[in-house]
Amino acid sequence: MRSTVKIVVCALSAALLFGTSGAKAQSDYPKQVIRFIVGFAAGGGNDLFARLVVQKFQQNTGWNSVIENKPGAGGRLSSEFVAKQPTDGYTVLLAATGQMSIAAATLPNLSYHPTKTFIPLNMIASFPLILVVPADHPVKTVKELVEWAKANPDKSNYATSSPSFTIASELLKLKTGMPGQAIPYKSSNESNLGVVGGQTLFTIVDGPPTIPLVTGGKLRALAVTGSERSAELPDVPSMKEAGYPDVNSQLWSGFFVTEGTPPAIVAKLTAEISKALADAGVRDSLAKMAVKPGGPTGDEFKKYIDADIKSYSDVVQAANLKFE
């Protein structure tokens with residue numbers, strides 16, 4: 001009996017000690033450098049997003065923070081790296097749609113899951129894609145593009161450099177019945193130049209490399225995906241206005257930590273990142289990169305991503321798309 005009592009007392013003491021030390025570790029957070037892991041090369045859009053937000057985050061909190069770039073496999077290498085790190089809140093992942101929602105929808109052997117392996121913290125920004133055709137092409141609207149493609153199926157092709165853009169283009173085809181053959185390119189800029197040169201009929205692509213070509217008269221923008229116009233292209237209708245509300249592809253970037261990170265630390269990080277994102281200077285700088293600053297946090301962000309995965313999976317299945 002005495003042995004049993006001793007075991008129980010020891011177990012209770014250990015639990016109390018562990019609980020106290022665990023709570024203290026969380027209340028002392030952070031005691032070391034917080035690493036923000038970006039799965040893209042320095043100077044790219046996601047890297048710039050991270051540097052804007054993390055700089056303000058560090059100014060606000062005084063917490064030592066560094067950005068580490070671990071590019072490769074469209075960001076997936078960084079996700080795999082962070083998934084293997086301790087769940088102590090000292091390694092934060094900056095991830096984008098391609099390595100999260102789209103990877104989960106297109107790669108059956110993906111080694112992680114966006115909302116099961118990770119805890120979503122804050123969306124940094126979201127942005128629509130832009131449907132463009134050559135500036136000298138006769139079509140002026142999305143409806144006219146659809147009609148022209150149906151009348152000229154042998155000339156109906158589209159440029160794409162990413163599963164994100166392929167899925168958006170295939171979604172347009174599914175919702176309109178228009179034909180379209182994918183022509184692969186290495187980058188958004190090359191896709192745009194393929195359209196400018198007339199090698200492809202259209203592309204649906206991200207804003208930063210595209211908007212200068214539109215405003216410079218090299219491309220004609222027919223619509224931006226989703227239900228809202230882009231502040232950078234105020235005269236270009238949304239897909240909803242063009243009559244195709246279901247063509248609503250939006251890309252995003254956000255911060256994540258590994259599942260198992262203590263709730264108190266998750267709450268701290270989310271709150272401080274939110275403060276950084278609320279800064280007028282940060283928001284203005286993000287807006288100048290043709291994105292919509294901010295977005296959902298925590299559980300709402302998780303629901304957003306899960307819905308995103310479902311939407312992309314539906315398109316992949318309906319269009320019988322295969323990716324490697």
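Read the figures in this text as sums done on the coordinates, not as results from a lab. Because the structure is predicted, anything quoted here is derived from the model rather than measured. Cβ coordinates were reconstructed from backbone atoms using ideal geometry, including for glycine residues, and neighbour counts include every protein chain displayed.
On full extension, the segment bounded by residue 307 and residue 111 gains 68.6 nm, given 0.36 nm per residue less the C-alpha separation. Classify the stretch 130-242 as rounded, prolate or oblate from the Cα gyration tensor: take a ≥ b ≥ c as the square roots of its eigenvalues, call it rounded if a/c is under 1.5, otherwise prolate when a/b beats b/c and oblate if not. Rounded shape, in that the Cα axes give a/c under 1.5. Residue-wise HN-Hα couplings along the stretch 50-62, as the Karplus relation 6.51 cos²θ - 1.76 cosθ + 1.60 with θ = phi - 60° gives them from phi, are 4, 5, 4, 6, 5, 4, 5, 4, 5, 4, 5, 9, x Hz; Gly and Pro carry x.
Please compute the alpha carbon radius of gyration of the stretch 100-184, then divide it by the globular-protein estimate 2.2 N^0.38 Å. Two decimals is fine.
Against the compact-globule rule of thumb, the ratio is 1.39.
With a Förster radius of 22 Å applied to the C-beta separation of residue 42 and residue 73, the computed FRET efficiency comes to 0.80. For residue 64 and residue 320, a Förster radius of 51 Å and the Cβ-Cβ distance give a FRET efficiency of 0.55, rounded to the nearest 0.05.
By the helix-only formula, in which each DSSP H run with n ≥ 4 contributes -39500 (n - 2.57) and the sum is divided by residues, the chain has a 222 nm mean residue ellipticity of -14000 deg cm²/dmol. Among 38, 316, sorting on how many other beta-carbon atoms sit within 10 Å of each Cβ, with the fewest leading, yields 316, 38. In this calculation the C-beta distance from residue 283 to residue 154 is compared with R0 = 41 Å, giving a FRET efficiency of 0.30. For the stretch 77-121, backbone nitrogen atoms closer than 18 Å to the point 7 Å from residue 31 Cα along Cα-to-C-beta are found at 86-91. Among the listed pairs 84/292; 70/322; 56/268; 155/175, those whose Cα-Cα separation exceeds 22 Å are 84/292; 70/322. Taking 0.36 nm per residue of sequence separation and removing the Cα-Cα distance, the residue 300/residue 55 pair yields an extension gain of 85.7 nm. For the chain, the extents of the C-alpha atoms along the principal axes are 90, 43, 31 Å, listed from largest to smallest. Loop-resident trypsin sites (Lys or Arg not before Pro) (DSSP state other than H, G, I, E or B) in the stretch 137-182 with no more than 12 further Cβ atoms inside 10 Å of their Cβ: 140.
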